[in-house]
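Participant: Okay, here's the structure, questions in a sec.
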Amino acid sequence: MKHKKSLLFVSAAMILASCGGGSSSSSQGESSIAPTPGSSAVTPSSSSVAPITEPTYQKAAGEYTFPTYTTFEGADQLPALEEHKIVVFCPVSAGYKNVYNWTRGTGGDTPFAEWPGTPMATKYDDKWFQVSYEGYDDLWIIFNGSGQTADMHMDHDGYWWFWESDGDIHDSTPVSSWLDSAAFADGKTIRLVANTAISSFKLYEGEKVILQGDAGYNAIDIDMHERDLKLEDGYSVEAVVDGQTFKANVATQNLYTSDAFNAKYAYEGDDLGLTYSKESSTFKVWSPLSSKVVLKIYGTGTPASYGEGGSDDALQTIEMTKGEHGVYSAKVEGDLAGKYYTYSVTNKVYKDKEICDPYARSSGINGIRGMILDLAKTNPDGWDAFTPKNIDRKALTVYESHIADLTSSSTWNGSETGRKKFAGFHESGTTHTVGDVTVKTGFDHIKELGVNAVQILPMFDQANDERVDKFNWGYNPLNYNIPEGLYSSNPYDGGVRVRELKELILAYGSAGINIIMDVVYNHVAGAIESNFDVL
């Protein structure tokens with residue numbers, strides 16, 4: 001059969017907190033508990049088996065760039081003209097974000113989004129694709145992304161064959177058992193779930209085995225009530241399922257709502273982020289599961305790869321001190337106004353991962369480095385005396401708009417420097433004339449509507465390239481507390497975007513119109529590797 005190559009698509013590698021192997025070396029001589037089924041240390045879980053979170057796979061001879069696991073509903077084989085569903089677990093972490101089909105029944109490449117009837121592939125979750133197969137005696141699938149290309153062919157017997165960009169052919173047979181999940185079920189219980197009985201397990205705290213023993217159930221709870229959790233060390237498991245050993249980090253998502261976690265780590269302070277003065281600057285960030293956070297201070301907000309005088313050389317590198325409730329802090333003497341900063345974070349999932357402070361008020365280009373601002377210097381004339389109107393919420397008359405949308409039309413007739421910018425959003429004197437009829441546009445049109453509030457679609461920092469004028473509705477937030485640089489006259493200077501947004505707010509406020517920020521915290525450009533996820 002003909003082998004087709006597909007287009008390449010760029011995608012970001014993603015790492016899930018529940019993935020990755022724990023250490024396979026136990027500390028000999030360390031005392032450990034060896035519980036047996038039904039003991040107080042390990043009990044069968046009463047919960048139903050969790051969805052697949054980490055399928056494993058058996059590699060064929062040779063190497064290929066992504067692991068794949070398949071399951072079939074109803075039969076081991078796929079006869080022609082009979083509908084079956086196939087779950088193809090192709091991890092996003094391998095860089096494949098696009099799935100194309102190629103079957104003998106259709107001929108040619110067809111994007112899965114355009115597949116007639118049931119889509120060719122849908123996102124099973126943040127990590128896996130689920131592919132539906134309908135009525136073909138064999139199936140070809142093309143995965144692409146991150147400069148990689150790989151083709152899969154499934155024959156009549158349900159085996160997958162892999163064609164890679166190296167031209168070699170590899171095959172793979174699904175394994176029959178796997179560890180579904182390893183996660184804290186609550187503040188003091190770790191739950192392991194497999195698709196068949198877990199015969200034995202080891203629980204690691206950092207590099208040390210702290211519990212091990214036999215099990216005999218496909219879902220077990222490990223009791224941690226007698227132990228003081230050392231979350232910064234991280235927990236991982238090594239479980240034997242049907243004679244095969246599986247390793248995984250213990251996921252921590254369920255900890256955050258537990259009494260045990262909050263009793264130790266809940267922080268009631270309101271001083272996270274940067275507290276600036278001319279004499280010194282104090283940096284605080286909450287990251288209880290991390291073992292190290294390093295503050296880096298830069299002379300520019302532009303990385304070297306961006307040009308424009310960018311640099312990757314930090315002026316200062318300071319290891320922050322971990323205090324109560326998991327808050328890391330550092331105090332730096334001197335006036336740092338105009339400098340930029342990041343946090344480099346290390347924990348069980350990330351190592352030296354450099355991020356922007358989620359509490360930063362502004363940043364350099366593309367929200368990569370937070371800016372140390374003397375906020376008073378960003379105030380336009382009249383700002384200190386300005387107070388928004390106190391309007392009862394039931395009395396609000398709200399006009400919703402978008403920074404770029406208001407001034408995108410060629411009929412706006414404002415200044416080109418203000419088009420699609422904060423400045424253009426409050427530019428006065430714009431009109432449009434057709435024949436002998438002239439109407440007001442933009443800011444003046446909004447004022448004559450008689451509204452007392454304007455809700456602006458997300459205008460905080462978004463996961464887009466601020467150097468490229470490309471329209472975006474804004475529901476891909478990157479940094480919630482930083483104005484979007486694309487709407488400023490200079491996205492490289494974090495002070496400019498703050499000042500220009502304040503000028504907009506002041507102009508509307510002076511006209512008796514309050515500004516409402518549209519902020520939706522459960523909209524994210526990418527949860528994995530976001531600054532909150534890393535911390």
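The values are calculated or read from the model by the stated rules, or taken from the named source; none is laboratory data. Please read these numbers as outputs of a predicted model, since none were measured by experiment. Methodologically, a virtual Cβ is constructed for each residue, glycine included, from the backbone with ideal geometry; neighbour enumeration extends over all protein chains shown. Only protein heavy atoms, including side chains, enter the accessible area calculation; ligands, DNA and RNA are left aside. Shrake-Rupley method; radii C 1.70, N 1.55, O 1.52, S 1.80 Å.
Participant: Between residue 516 and residue 308, what is the spin-label point distance in nm, taking each point 7 Å from the Cα along the Cα→C-beta axis?
Facilitator: Between residue 516 and residue 308, the simple spin-label model gives 3.3 nm.
Participant: Mind listing which GluC sites (Glu not before Pro) in region 214-298 are in a DSSP loop and have 13 or fewer other Cβ atoms within 10 Å? Show your work: numbers first, answer last.
Facilitator: Numbers: sites: 226, 232, 238, 268, 279; in loops: 226, 232, 268, 279.
Filter output for region 214-298: 226, 268, 279.
Participant: Would you grab the residues whose amide H sits under 5 Å from the one on residue 354? Only those 5+ places off in sequence or on another chain, please, with H modelled 1.01 Å from N.
Facilitator: It is 345, by chain and number.
Participant: Give the accessible area for residue 471 in Å² (nearest 10); use a 1.4 Å probe, count only protein heavy atoms, and leave out ligands, DNA and RNA.
Facilitator: In the full protein context, residue 471 sits at about 90 Å².
Participant: Please list 3J(HN,Hα) in residue order for region 326-338, calculated via the Karplus relation 6.51 cos²θ - 1.76 cosθ + 1.60 where θ = phi - 60°; whole Hz, with x for glycine and proline.
Facilitator: Each residue's phi maps through the Karplus curve to give x, 9, 8, 9, 8, 10, 10, 6, x, 8, 9, 3, x Hz.
Participant: A further question on this structure: Pull out a ≥ b ≥ c, the square roots of the eigenvalues of the alpha-carbon gyration tensor of region 379-495, then state rounded if a/c is under 1.5, prolate if not and a/b is larger than b/c, and oblate in the remaining case. Don't skip to the end; give the middle numbers.
Facilitator: Values: a/c = 1.65, a/b = 1.14, b/c = 1.44.
Oblate is the answer for region 379-495, as a/c is 1.5 or above yet b/c matches or exceeds a/b.
Participant: Here is the link list: 208/292; 339/377; 264/284; 296/348; 284/389. Which ones come out longer than 25 Å on Cα distance?
Facilitator: 284/389
Participant: Additional query: Share of region 363-425's accessible area from carbon and sulfur, percent, 1.4 Å?
Facilitator: On the way: 1650 of 3370 Å².
For region 363-425, the apolar C and S fraction of the accessible surface comes to 49 percent.
Participant: Can you give the direction-averaged projected area of the convex hull of the alpha-carbon atoms in region 284-391, in nm²? Numbers along the way, then the final one.
Facilitator: Working: hull surface 40.0 nm².
In nm², the orientation-averaged hull projection of region 284-391 is 10.0.
Participant: Please list, in chain and number order, the residues 5+ apart from residue 399 or on another chain whose amide H is under 5 Å from its amide H, with Hs placed from the backbone.
Facilitator: 453, 454, 455
Participant: 5 Å is the cut-off here: which amide hydrogens, built 1.01 Å from N in the peptide plane, fall below it relative to residue 316, excluding neighbours closer than 5 in sequence?
Facilitator: For residue 316, the qualifying residues are 297.
Participant: Counting only other residues whose beta carbon sits under 10 Å from that of residue 512, what net charge do I get with K and R as +1, D and E as -1? It would help to have the intermediate numbers written out before the result.
Facilitator: Details: positive: 389, 447; negative: none.
Charge balance near residue 512 sits at +2.
Participant: Tell me, what HN-Hα J-couplings in whole Hz come from the Karplus equation 6.51 cos²θ - 1.76 cosθ + 1.60 at θ = phi - 60° for each residue of region 475-481, using x for Gly and Pro?
Facilitator: 8, 9, x, 10, 10, 5, 9
Participant: Let me ask something else about it. On average over all directions, what projected area in square nanometres does region 190-340 have, based on the convex hull of its Cα atoms?
Facilitator: Numbers: hull surface 50.9 nm².
Convex hull of Cα atoms, orientation-averaged projection: 12.7 nm².
Participant: A further question follows. Kindly write out, for region 394-399 in residue order, the coupling ³J(HN,Hα) from the Karplus curve 6.51 cos²θ - 1.76 cosθ + 1.60 (θ = phi - 60°), rounded to whole Hz, with x marking Gly and Pro.
Facilitator: In residue order, the calculated couplings are 6, 9, 6, 10, 10, 10 Hz.
Participant: Right, here's the next one. Would you tell me the accessible area of residue 242, worked out with a 1.4 angstrom probe on the heavy atoms of the protein chains, in Å² to the nearest 10?
Facilitator: Surface open to solvent at residue 242 totals about 100 Å².
Participant: Can you give the accessible area of residue 533, probe radius 1.4 Å, in Å² rounded to 10?
Facilitator: 60 Å²
Participant: Restricted to Cα positions, what overall size does region 359-401 have along the principal axes? Three whole-Å values, descending.
Facilitator: In descending order, the Cα extents are 40, 25, 18 Å.
Participant: Separation of region 382-397 and region 199-264 by C-alpha centroid, Å?
Facilitator: Cα centroid of region 382-397 versus Cα centroid of region 199-264: 52 Å apart.
Participant: Another question, if that's okay. Return the carbon/sulfur percentage of the accessible area of region 191-295, one whole number, probe 1.4 Å, all protein chains in place. Don't jump to the answer; show the numbers that get you there.
Facilitator: Working: 2000 of 4570 Å².
The computed percentage sits at 44.
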